[in-house]
Every structure is written in C-alpha cells, then in structure tokens.
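Read-outs throughout are calculated quantities, based only on the coordinates presented, and are distinct from any laboratory measurement. Quick caveat, the model's predicted, so the values are computed rather than measured. Here the Cβ positions follow ideal geometry from the backbone for every residue, glycine too, while neighbour counts run over all protein chains shown.
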C-alpha cells in the first residue's frame with residue numbers, strides 16, 4: 001500500500017506552504033489531513049480558498065463555524081474529525097466542557113447557538129435530506145435571524 005507523505009510547513013511543496021500555514025494557524029498546528037492535502041497544491045489551495053471565503057463572507061463568527069464543524073463531526077461519528085474540531089473550537093474560545101456539550105447537542109446558556117446546532121444536527125443526521133424550512137424555522141425561533149440562518153445548510157452538509 002502506498003503511504004501518503006504528511007508534510008509540515010518546512011517539507012510541504014512551495015505552492016502548498018501558504019495555504020497550509022493559514023490552515024495550521026486556524027487549527028493551532030499542522031494536522032495530518034492538511035499535511036496530506038499539501039501533497040497537492042491545488043487541493044490545499046482549494047480548501048483554503050473555501051475556508052477563507054467563508055470566514056470573510058459568512059455572517060457566522062469563527063466560534064460558531066467551529067461549533068458547526070464539531071456538531072457535524074459528532075453526527076458523522078468521526079473520531080479524527082471530532083479531535084481536530086475540538087482543538088479548533090477550543091482555539092476559537094470554547095472550554096473543554098462546552099465542546100463536550102456541543103458534541104452532545106446542547107450548549108448550556110447559549111440558546112441561539114444551540115438552536116443553530118440543532119438545525120445542523122438534523123441536516124447532518126439526514127445527510128442533507130431534511131426539510132430546510134422546518135429546521136430554519138427552529139433556528140429562527142431560537143434567536144437566529146433568517147439571514148444568519150440561511151447559510152447554515154451549506155456548512156452542515158459540506159461534511
């Protein structure tokens with residue numbers, strides 16, 4: 001079996017170094033999936049462009065986006081993803097106990113975010129097949145504006 005090299009910032013091909021550095025800054029280190037993606041400058045650049053675009057143009061802050069990532073990782077039962085996004089969520093300001101709560105589907109004292117994550121859980125659990133409107137209504141009732149809840153399905157079904 002061929003083993004894919006896992007690059008760091010020094011060993012990555014030149015074209016992969018900038019996007020790899022940006023993503024490692026977000027995660028706090030170069031995680032293995034990004035190190036593997038760095039084998040293809042096109043792949044790591046594409047991932048970085050999407051993440052950078054969403055960070056700049058989404059009306060969801062980084063902590064909310066990381067909570068969504070962690071929620072979807074928990075629904076998908078991906079241990080690797082949960083570990084990576086727990087680190088990202090902690091880097092975004094969540095405490096360890098809050099990351100556990102996010103994975104369990106409840107976040108004490110944050111009804112607005114909990115409603116948004118409930119929508120993400122529903123969509124991820126149905127693999128994108130759930131009715132968006134009912135989930136969006138639940139999110140709006142939880143305190144999200146229609147505008148801020150609209151991009152949520154894209155985030156949730158990406159994984």
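Here are a few things to note about the model shown:
- The ranking of 69, 7 by Cβ neighbour count inside 10 Å, starting from the fewest, reads 7, 69.
- Surface/4 estimate of mean projected area, convex hull on alpha-carbon atoms of the stretch 15-125, nm²: 6.8 nm²
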